[in-house]
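Beneath this line is the structure, given in structure tokens, with notes to follow.
The values are calculated or read from the model by the stated rules, or taken from the named source; none is laboratory data. These numbers were taken from a predicted model, which means no experiment stands behind them. Cβ placement follows ideal geometry from the backbone for every residue including glycine, while neighbour counts extend to all protein chains displayed. When the accessible area is computed, the model is the full protein with side chains, heavy atoms only, and any ligands, DNA or RNA have been set aside. Shrake-Rupley method; radii C 1.70, N 1.55, O 1.52, S 1.80 Å.
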Amino acid sequence: MLIKKYRVQFIKELLLIYDEKEIESFFYLILEKNHQLKRIDLALNPELELDDSQLKQWNAILDELKNQKPIQYILEETYFCNLPFYVDENVLIPRPETEELIDLILSNNPTNQQSKNLKIVDIGTGSGCIAITLAATIPTAEVFAIDVSEKALEVAKKNAKLNEAKVTFLQKNILETDDLEQTFDIIVSNPPYVRNLEKAEINANVLEYEPHLALFVEDNDALLFYRKIANLAKKNLKPNGQLYFEINQYLGKETIELLKNLGFQNIELKKDIYENDRMIFCQLLVT
């Protein structure tokens with residue numbers, strides 16, 4: 001079958017689930033992944049044909065998309081801060097909002113002004129996107145990454161190798177950790193923060209495919225991870241060290257209050273590209 005003809009069929013079969021612009025994006029992502037061809041290549045070769053095995057592969061992907069499996073899991077790849085990442089259903093798919101958390105860290109720690117090597121730990125690393133991007137962007141930094149999931153750490157290690165980033169990975173249940181046993185200039189975390197009461201707002205493809213361990217917290221203790229990590233930061237941040245969180249957009253005030261009560265200062269709440277409260281920066285200042 002001519003691939004241009006298949007494209008028409010592909011779009012038609014997905015229109016009841018996705019909008020056409022998103023379907024177009026899927027089509028060209030698959031084209032590049034499976035055939036190493038870009039949109040311009042198809043335009044220049046309109047008579048390109050799919051053989052039987054290729055057609056079977058496309059139809060298998062089409063069926064998965066009909067079941068609302070995320071394209072990133074189907075292709076087992078995504079990009080974060082322009083770096084390639086392998087992803088599977090053991091880790092969350094990196095979000096654009098988390099790229100903004102990276103931007104905030106880098107803006108507060110410009111690499112051309114580094115007078116010392118930073119020591120950084122990412123708690124709840126998942127795919128490793130935060131830790132690996134920081135290690136790749138600040139090559140003088142010593143970067144550690146923690147996760148409770150052995151399978152998530154396998155994915156993160158794969159991504160560190162893919163991006164030639166030096167990161168030390170540690171398997172720990174942070175809720176059962178009383179001390180990180182070393183001190184850091186920066187502690188960063190994008191912990192579970194979606195309350196069960198907010199599940200109605202979550203897309204079906206996220207609920208059905210992404211790991212709930214990395215997403216949800218109980219309604220009656222939504223700041224569980226923030227409180228634990230902030231208490232660890234009090235022990236394990238260097239003087240004037242920095243703490244960064246990605247947060248639940250509905251709990252900005254509550255998270256600030258928690259950090260204030262624990263003695264943190266210079267607390268800054270930042271909005272994401274969608275104008276939702278999303279990031280917090282704070283410090284334990286030494287006077």
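With only Lys, Arg, Asp and Glu charged, each at its Cβ (+1 for the first two, -1 for the last two), find how big the charge dipole of the chain is about the Cα centre; round to the nearest 20 debye.
Dipole size: approximately 680 debye.
Considering the convex hull of the alpha carbon atoms of the chain, report its projected area averaged over all viewing directions, in nm², one decimal. If you can, show how the numbers build up before the last one.
Numbers: hull surface 67.0 nm².
With the hull built on Cα positions only, its mean projection is 16.7 nm².
When averaged across all projection directions, what area in nm² does the alpha-carbon convex hull of the range 213-280 cover? Before the final figure, lay out each step's value.
On the way: hull surface 20.4 nm².
Projected over every direction and averaged, the Cα hull of the range 213-280 covers 5.1 nm².
Calculate the radius of gyration of the Cα atoms of the range 1-94 to one decimal place, then report Dmax, the largest Cα-Cα distance, as a whole number, both in Å.
Computed over the Cα atoms of the range 1-94, radius of gyration and Dmax are 13.5, 39 Å.
Which residue, L232, L31, L134, has the most motion in a Gaussian network model of the chain that connects Cα atoms within less than 10 Å?
It is L31.
What's the tally of Lys pairs in the range 93-234 whose alpha-carbon atoms lie under 14 angstrom apart, where the two lysines are 8 or more places apart or on different chains? Could the numbers behind the result be given before it?
Working: K119/K166; K151/K172; K157/K166; K158/K166; K172/K228.
Lysine pairs satisfying the spacing and distance rule in the range 93-234 number 5.
Return the Cα extents of the range 1-159 along principal axes one, two and three, sorted largest first, each rounded to a whole Å.
If we take the Cα atoms of the range 1-159, the spans are 59, 34, 26 Å.
Taking a ≥ b ≥ c as the square roots of the Cα gyration tensor eigenvalues, with a/c under 1.5 meaning rounded and otherwise prolate when a/b beats b/c, else oblate, which class fits the range 134-267?
Working: a/c = 1.86, a/b = 1.09, b/c = 1.70.
The shape class here is oblate.
Which chymotrypsin sites (Phe, Trp or Tyr not before Pro) does the range 180-281 hold that lie in a coil by DSSP with at most 12 other beta carbons within 10 Å? Mind showing how you got there, number by number?
Values: sites: F184, Y193, Y209, F216, F225, Y226, Y244, F245, Y250, F264, Y274, F281; in loops: Y193, Y250, F264, Y274.
Here the sparse-neighbourhood loop sites are Y274.
List the GluC sites (Glu not before Pro) in the range 158-207 that DSSP assigns to loop (not H, G, I, E or B) and whose Cβ has at most 12 other Cβ atoms within 10 Å. Which are they? Working shown, then result.
Numbers: sites: E164, E176, E181, E198, E201; in loops: E164, E181.
Those satisfying the criteria are E164, E181.
What percent do you get for the relative contact order of the range 29-87 when only Cα pairs under 8 Å and 6+ apart count? The partial results should precede the final answer.
Numbers: 23 pairs, mean separation 11.6, N = 59.
Rounded, it is 20 percent for the range 29-87.
Explain nothing, just the number: relative contact order of the chain, from Cα pairs under 8 Å at least 6 residues apart, as a whole percent. Working shown, then result.
Values: 450 pairs, mean separation 40.1, N = 287.
This gives 14 percent for the chain.
For the range 256-285, state which GluC sites (Glu not before Pro) are in a DSSP loop and have at most 14 other beta carbons lying within 10 Å of their beta carbon.
Values: sites: E257, E268, E275; in loops: E275.
Here the GluC sites (Glu not before Pro) that fit, given the DSSP loop and packing criteria, are E275.
Taking a probe of 1.4 Å, how large is the accessible area per residue of the chain, in Å²?
Working: 14770 Å² over 287 residues.
With all protein chains present, the chain gives 51 Å² per residue.
Taking a point 7 angstrom from the Cα of E154 along the C-beta vector, which residues in the range 83-105 have backbone N less than 16 Å away?
86-92
So what are the three principal axis dimensions of the range 47-135 from its Cα atoms, in whole Å, longest to shortest?
59, 31, 18
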